[in-house]
Amino acid sequence: MPTTTTAPPIYPLTGLPATDPARLARPALVVKIENVPEARPQAGIDAADVVWEEVVEAGLSRFIVVFQSRDADPLGPVRSIRPSDPTIVKPLSPLFAYSGGTAKFINTLHAAGIVDLGVDSAAGGAYYRRGGRAAPHNLYTSTGRLYSKAPAGVGPPPKIFTYLLPGQPFAPAGAVPAVHLDAVIGQRSTATYDFDPASSTWKRGFNGTPQTVESGVQVAPTNVIVQFVGYVISPGDFDVVHEPVTLAQVVGSGDAWLLSQGKLAKGRWTKPAPEAATTYTDAAGAPLAMPAGQTWIELAPVGAPTTVR
């Protein structure tokens with residue numbers, strides 16, 4: 001009789017082998033984490049599967065931090081929703097954790113059919129204030145607390161990246177060696193990544209300082225995507241000091257860079273509709289396949305200074 005083999009299950013957002021059936025079956029959990037000086041070092045962001053960095057207002061960046069395969073406790077500081085968020089995360093059908101936001105932004109989240117686990121929802125008991133920092137930079141939670149508030153019936157996220165097979169090298173069309181990235185995300189936000197051959201990860205810095213978490217560990221994803229997008233002012237929307245809020249144009253297509261295994265591949269991103277996952281293709285138009293692991297996505301403004309060496 002012929003024999004058949006079944007590929008071992010993988011976590012959809014990292015491509016790594018799934019070692020915990022309960023985590024494999026649970027939904028994606030999105031948590032909004034701030035990145036102003038008063039928020040650093042953050043807690044828990046190093047355990048995420050995927051992180052998007054977006055410009056919010058005044059040239060400042062904020063993180064859309066996605067968990068599914070791992071947990072984090074503590075996790076924070078948690079901050080508010082922004083108008084780009086529902087369109088970015090809708091393909092994941094996730095749980096969404098955040099602290100406040102305008103009624104307009106929250107209504108957009110609900111209209112997208114995304115489960116609201118914000119501090120003002122029925123999940124509010126999952127959050128707490130920590131000492132040592134001034135509000136609003138002291139609101140924390142954990143993945144365990146948030147998942148305990150999840151409604152029944154929310155399934156796991158789809159796979160949103162194309163992964164290489166174990167041991168397969170990263171060698172897309174047009175790839176060139178690269179060991180350092182400077183990406184200006186906003187007027188007050190510059191991300192850097194330095195390739196570490198020993199771990200095959202990209203050690204992240206921010207505004208000239210290593211981006212570490214409370215434990216002292218430096219954030220170091222396996223893959224870094226620079227997705228060049230347009231930004232517009234969200235009509236009539238301002239933050240608490242009356243800075244206009246920006247809106248990332250993530251539906252459409254544009255240039256994208258993927259850094260992995262000490263190489264840079266330039267290609268394109270495409271997202272035809274809010275509910276569609278963004279796809280990345282190389283210089284030949286083939287899907288950009290990446291090694292399994294954590295991925296950070298920089299939503300860099302079109303035309304922003306971005307250099308690799």
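The values are calculated or read from the model by the stated rules, or taken from the named source; none is laboratory data. Values in this document were obtained by computation on a predicted structure and should not be read as measured data. Every residue, glycine as well, gets a Cβ built from its backbone with ideal geometry; the counts of neighbours run over all protein chains shown. Heads up: the accessible areas ignore ligands, DNA and RNA and are worked out on the full protein's heavy atoms, side chains in. Shrake-Rupley method; radii C 1.70, N 1.55, O 1.52, S 1.80 Å.
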Q) Of these, T14, T19, T6, which one is within 24 Å of A289 (Cβ to Cβ) and open to solvent by less than 40 Å² (accessible area, probe 1.4 Å)? A) T14
Q) So which residues in the stretch 88-115 are β-branched (V, I, T) and either open to solvent by less than 40 Å² (accessible area, probe 1.4 Å) or outside any helix (DSSP H, G or I) (or both), if there are any at all? A) I88, V89, T102, I106, I114, V115
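Among P151, P136, which is open to solvent by 60 Å² or more (accessible area, probe 1.4 Å) and either more than 28 Å from L258 (Cβ to Cβ) or more than 18 Å from the chain's Cα centre (by Cα) (or both)?
Numbers: P136 fails: open to solvent by 60 Å² or more (accessible area, probe 1.4 Å).
Step by step, each of P151, P136 is checked, and only P151 is open to solvent by 60 Å² or more (accessible area, probe 1.4 Å) and either more than 28 Å from L258 (Cβ to Cβ) or more than 18 Å from the chain's Cα centre (by Cα) (or both).
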Q: Quick one: which strands (runs of 3 or more DSSP E) lie wholly within the stretch 224-275 and hold at least 3 residues that are out of contact with any Pro (no Cβ under 9 Å at 6 or more places or on another chain) and within 23 Å of D49 (Cα to Cα)?
A: 252-260, 263-271
Q: List every residue pair whose Cβ atoms sit under 8 Å apart, with the two residues 6 or more apart in sequence or on different chains, where the first one lies in the stretch 19-32 and is closer than 18 Å to S84 by Cα and the second, anywhere, is polar (S, T, N, Q) and exposed (fewer than 12 other Cβ atoms within 10 Å of the Cβ).
A: none
Q) Just to be sure, is A277 out of contact with any Gly (no Cβ under 6 Å at 6 or more places or on another chain), touching a residue at least 12 places away in the same chain (Cβ under 8 Å) and surrounded by fewer than 21 Cβ atoms within 10 Å (Cβ to Cβ)? A) yes
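Please specify each residue of the stretch 54-85 satisfying the condition of being of a type in the set (D, E) and surrounded by fewer than 23 Cβ atoms within 10 Å (Cβ to Cβ). Talk me through it step by step, then tell me what you get.
So the first thing to find is which residues in the stretch 54-85 are of a type in the set (D, E), and the list is 54, 57, 71, 73, 85.
Across the stretch 54-85, the qualifying residues are E57, D71, D73.
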**Q.** the stretch 282-293: number of residues that are open to solvent by less than 20 Å² (accessible area, probe 1.4 Å) and assigned to a loop (DSSP other than H, G, I, E, B)
**A.** 4
Q. Which of the residues spanning the stretch 159-173 are open to solvent by less than 60 Å² (accessible area, probe 1.4 Å) and either part of a loop (DSSP other than H, G, I, E, B) or modelled with pLDDT under 95 (or both)?
A. I160, F161, L164, F170, P172, A173
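Would you mention how many residues in the stretch 249-294 are of a type in the set (A, V, I, L, M, F, W, C), over 17 Å from the mean Cα position of the chain (by Cα) and over 14 Å from G15 (Cβ atoms)?
First, pick out the residues of the stretch 249-294 that are of a type in the set (A, V, I, L, M, F, W, C): 250-251, 256-259, 264-265, 269, 273, 276-277, 283-284, 286, 288-290, 292.
Next cut, over 17 Å from the mean Cα position of the chain (by Cα) only: 264-265, 273, 283-284, 286, 288-289.
Then keep just the ones that are over 14 Å from G15 (Cβ atoms); that gives 264-265, 273, 283-284, 286.
Of the residues in the stretch 249-294, 6 are of a type in the set (A, V, I, L, M, F, W, C), over 17 Å from the mean Cα position of the chain (by Cα) and over 14 Å from G15 (Cβ atoms).
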